[in-house]
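To start, the structure under review is shown below, and the notes come after it.
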């Protein structure tokens, strides 16, 4: 059993320098001649010069009458001239060729009666008036496009206007992607379910798309099993057929990670391990003069590693310049500690709240591809830093256009499944608007409102003393802040258990049985407070509940634990249990409210959201999720 | 002969409102189901929910050993536990499925001797440590993508990870383009030359590209001649086969402009004439419930009209949101008067000089497609304005990425053909750099340097008193400004005449013959001053020269006049005459210098340009143009 540790891990900057400077991209670039009509988006490989002039013949530049200018000299309103229609004054429209013998156009508006014959003109036409002359736009042999120009629709038009029918462009580099792994099954072959013991191979689709966007032509090889000889053979074949090779997975330091060995045997490994996160297990090499990249296996690592190494290489070979993403100063919604020595990329959602743009972190694991899908931006924690501080401005790379951020309503607080529903319906009503929800628990939401980090909160905090929801907490944590409490729904809370309830769990008291593994919500979550209330009522010490310390941040995450068998029971809402086909023991209905400060309430964006909340579509769709009672939905429950 | 005047011309804003509000885009949008693998760049037509969880099975999250956590409880450095390899501790790599009976991974780095059997562990593993649990990223039935989401490579990955193999996306709207005009010949049919009396039809290629970029599928009909019945028939057929119809040209107020009539006969014209320039002759209508747009015939008009009306419509039907271009505050290099009542779009090149971004206008004619090709930005002159003022900041829409502007060297002054050459070679040496040359004459260049509107000037001002070039003018107009005068080339000035010299022009004196039509350069041009010097020497009154008042701004434009027969002679450089195959009567060699302020000279960008100027490639290529003597090329001639 051989294990290779990254003894020589390079910083991100070093790795880029070592790898990218090794290749003479200009020398490696190839070109091809293609029809101009098919050249949209391509890059010129040489300056393009006009073959003929444009216009190629004199053209009328106005609607009117083509005339010979000397025939008009001396015309005045007092002494007008008469021109015979069709002989001395020939009707022309903009763009028509000038008839032989004519050198000027008189605009139709300047002829008192354009229907008469002869027409009468009251002013002379000077030579070449309202005429586009040969070559006015482009003359033969003039440069139409420089080398290295991206071809736009109007660049196509200019070339064709100049008689250039075919154009020499940079050939798009061919990129072969070799997926590796014994347990992978190609997604194209998947039917209803993933066969037991297999995992779907989808990284090659992600990488193919990224290759295309960088300007290359992707091709995916069949999956290679975890076998050095097979991988080396595949790499050898790929090197003969392509410009760049990407090997996906097989680049970490594990036993079956043969990328390092395969590249070594056919060429040279330049970098093994990059001090970036996600993306550390990246192999960068050269074999038979061609670049070989071992991309990490986790999808987020694969994407971020691709952006740093493969993208500039492929774009360089395509002659395209990759333009840095636009950036924006943002304020992290919480502290984001990070390991010194690694450059970390943190995916965030963004929304403008007052003067600030709040960056809410998404899950940081390299396997959570949804964190990329949901991200509006990327924060970079430099290698020398220990992390980013709550509310201290940092620069974010934008993954969405800036106006999307301006149209975002940020809701922080407790998680509820109807928030996804609201997001969909809001976007359908006005595509410029988005709802971004961060799950920080009910109390976390109130704190965020206090600090101006959210537009609205989502809260279901039960107060046993007063037997009410939310109001005592708002009075305590948001005293004096003008706001409205608006009900979203009553929802059923209960215990989620595996289908068939194998542990025969009936009440909260069953959670104290030693063999029952519970999964809890995080501190500050309303559901956690509800559990604590139940336990206190029953006189059960929380320490008696196995798993009381294991925390998740959403109802769905709790349901996942039960669904996957890593817990026997969790407290949560019916909708989450139904979504995963779990059994459910109902305990109590509870009120879930939106906490809406006046500044948010008066904003047109929120008013649109309120229309959605009060619409029959929302009510019907929420009821279909199960466990929701919408009798108070959209009602202002209380205000201060 | 029927002529229709735009009696009811609408403002740009009114026209957009009337046209776009007429269609229920949401209702007209269609959808289709396609494989996720082919969905890059498409837009979801419904929320996408996960079919299975991701990961679909527990996976190792680290390289190491999969174990059953209870077997490790109690292990300490003092009392280590021994686990049998392959049975109690199973080697796994990141991403591997967890073997049955295991619930934790011990990282390889934490095992003192990973090659031993049994392995020794010195700390307990807690349950689910370093394990990616089922559904950690996505749970079945969870929303993966909302409706209306643009599909990125990672969104494809997320859908596939969630078992979604096919996805419902917005169908791309079909757009039929009908080119009209009797004199047009399809570019695809063109061989070497445009047949006499014909013009190449290339607008359909421009419009096809723009349709594609807006998210539609273009299809071009055969060219329809100027005939109402034929156009009406083509429109009728198109309406049956497509979602949107574009008729190109035939939308102005001329006699053969049948678009208005064809749309009227099959439906309703909503707008005829828009108060925008270029783009005025736009027809907007509806027929059989479908949008019909008559685009103007001039290419720049066609493009700008498309952007205002067709692009938002097509993108709307495709479910895409068009994002406004980014903008930048810029300072016009000169006054730009504009006709009140029309919204004018002015194409400009942009370059940062000191703190300012200087906007140099390109030719404003609607037929000059090169003005779009060369443009870095668009200035908008509002309908109520009489124009833009020199040096007063205005907002520019960017047609290129902002960093291109930062990499641009702005040379203003006299025109010389080797500047195009320098631009190509500079870009080849460093793709981030560009040379943007504005042709304002030698004196105009010195003025621009005085006002900080250019990085360097191009100048060939002869001073007869001192028999030198440029230095006396610099002393007069740029006193005290530290600068270097660097020679670019000596070039041959002379008279350009038609091939064969039919007018038998031999000397400057021949320009005073009444039948010789001259074409002059603009005031402030070095070539104009040279002419004035010659005329003065010979004692010829400029008024005796026919055409002395007709001005052009470049050598090539002068050559075009001679080439097209609108003038018999012009003064200019040999390279321009050779480019158009004209005859040339050499008169005098003259020195063309670059005027380089110290601030520019010390900048790395300029140093790169200087390397290019001094390179053998530049000298060889310039010599190939003809008429250049490069004995002093790159030499610092003088400094102050």
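The values are calculated or read from the model by the stated rules, or taken from the named source; none is laboratory data. Here the structure is a predicted model, which means the values were calculated and not measured. Cβ coordinates were reconstructed from backbone atoms using ideal geometry, including for glycine residues, and neighbour counts include every protein chain displayed.
Points worth noting:
- Selection from segment B:341-366 of residues that are under 17 Å from residue B:307 (Cα atoms) and at pLDDT below 90: B:366
- Near pairs, Cβ below 6 angstrom, 6+ apart or cross-chain, from segment B:441-455 (more than 19 Å from residue B:521 (Cβ to Cβ)) to any residue that is modelled with pLDDT of 90 or more and part of a loop (DSSP other than H, G, I, E, B): B:450/B:478
- Of the residues A:568, A:549, the single one that is within 14 Å of another protein chain (Cβ to nearest Cβ), in contact (Cβ under 8 Å) with a residue 40 or more places away in the chain and farther than 29 Å from residue A:467 by Cβ is A:568.
- One residue stands out in segment B:21-41 among those that are part of a helix (DSSP H, G or I) and out of contact with any strand residue (DSSP E or B) (no Cβ under 9 Å at 6 or more places or on another chain): the one that is modelled with the lowest pLDDT, namely B:26.
- Considering residues of segment B:146-205 that are in a strand (DSSP E or B), touching a helix residue (DSSP H, G or I) at 6+ places or on another chain (Cβ under 7 Å) and without any contact (Cβ under 8 Å) to a residue 40 or more places away in the chain only, the residue farthest from the other protein chains (Cβ to nearest Cβ): B:201
- Residue in segment A:493-503 that is at pLDDT 95 or above and under 23 Å from residue B:144 (Cβ atoms) present: yes
- Some residue of segment A:605-622 being free of Cβ contacts under 8 Å to residues at least 24 places away in the same chain and under 19 Å from residue A:410 (Cβ atoms): yes
- Cβ-Cβ distances below 6 Å connect the following pairs, each with a first residue in segment A:385-414 that is within 15 Å of residue A:361 (Cβ to Cβ), a second residue that is part of a helix (DSSP H, G or I), and a separation of six or more residues or different chains: A:412/A:445; A:412/A:448.
- All strands (runs of 3 or more DSSP E) inside segment A:50-110 with 2 or more residues being without any contact (Cβ under 8 Å) to a residue 60 or more places away in the chain, away from every other protein chain (no Cβ under 14 Å) and in contact with a helix residue (DSSP H, G or I) (Cβ under 9 Å, 6 or more places away or on another chain): A:81-83
The rows are residues; the columns are (1) surrounded by 23 or more Cβ atoms within 10 Å (Cβ to Cβ); (2) assigned to a strand (DSSP E or B); (3) in contact with a helix residue (DSSP H, G or I) (Cβ under 8 Å, 6 or more places away or on another chain).
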position	(1), (2), (3)
B:279	yes, no, yes
B:284	yes, yes, yes
B:306	yes, no, yes
B:309	yes, no, yes
B:339	no, no, no
B:348	yes, yes, no
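- Yes/no for residue A:296 being within 13 Å of chain B (Cβ to nearest Cβ) and surrounded by 24 or more Cβ atoms within 10 Å (Cβ to Cβ): yes
- In segment B:124-135 there is at least one residue that is at the interface with chain A (Cβ under 7 Å from one of its Cβ atoms), under 17 Å from residue A:561 (Cα atoms) and touching a helix residue (DSSP H, G or I) at 6+ places or on another chain (Cβ under 6 Å).
- Segments classed as helices (runs of 4 or more DSSP H), wholly inside segment A:562-640, with at least 3 members that are over 28 Å from the mean Cα position of the chain (by Cα) and surrounded by fewer than 15 Cβ atoms within 10 Å (Cβ to Cβ): A:616-625
- Applying the criterion of being surrounded by fewer than 22 Cβ atoms within 10 Å (Cβ to Cβ) and part of a helix (DSSP H, G or I) to the residues of segment A:426-437, the residue that is modelled with the highest pLDDT is A:429.
- Restricting the first member to segment B:352-373 and to residues that are within 14 Å of chain A (Cβ to nearest Cβ), and the second to residues that are surrounded by fewer than 18 Cβ atoms within 10 Å (Cβ to Cβ) and in a helix (DSSP H, G or I), no beta-carbon pair is closer than 8 Å while six or more apart or on different chains.
- Hits in segment A:111-128 - residues which are buried (at least 20 other Cβ atoms within 10 Å of the Cβ) and assigned to a loop (DSSP other than H, G, I, E, B): A:114, A:125, A:128
- Of the numbered criteria (1) in contact with a strand residue (DSSP E or B) (Cβ under 9 Å, 6 or more places away or on another chain); (2) surrounded by fewer than 17 Cβ atoms within 10 Å (Cβ to Cβ); (3) modelled with pLDDT under 85, the one residue A:93 fails is (2).
- Any hit, segment A:399-411, residues being in contact with a helix residue (DSSP H, G or I) (Cβ under 6 Å, 6 or more places away or on another chain) and either over 25 Å from residue A:327 (Cβ atoms) or at pLDDT 90 or above (or both): yes
- Residue match in segment B:215-223 (condition: modelled with pLDDT of 90 or more and under 25 Å from residue A:107 (Cα atoms)): no
- Segment B:213-244, residues that are touching a helix residue (DSSP H, G or I) at 6+ places or on another chain (Cβ under 8 Å) and assigned to a helix (DSSP H, G or I): B:213, B:214, B:228, B:231, B:232, B:235, B:236, B:239
- Test: residue in segment B:442-456 that is farther than 27 Å from residue B:578 by Cβ, more than 14 Å from chain A (Cβ to nearest Cβ), part of a strand (DSSP E or B) and in contact with a strand residue (DSSP E or B) (Cβ under 7 Å, 6 or more places away or on another chain): no
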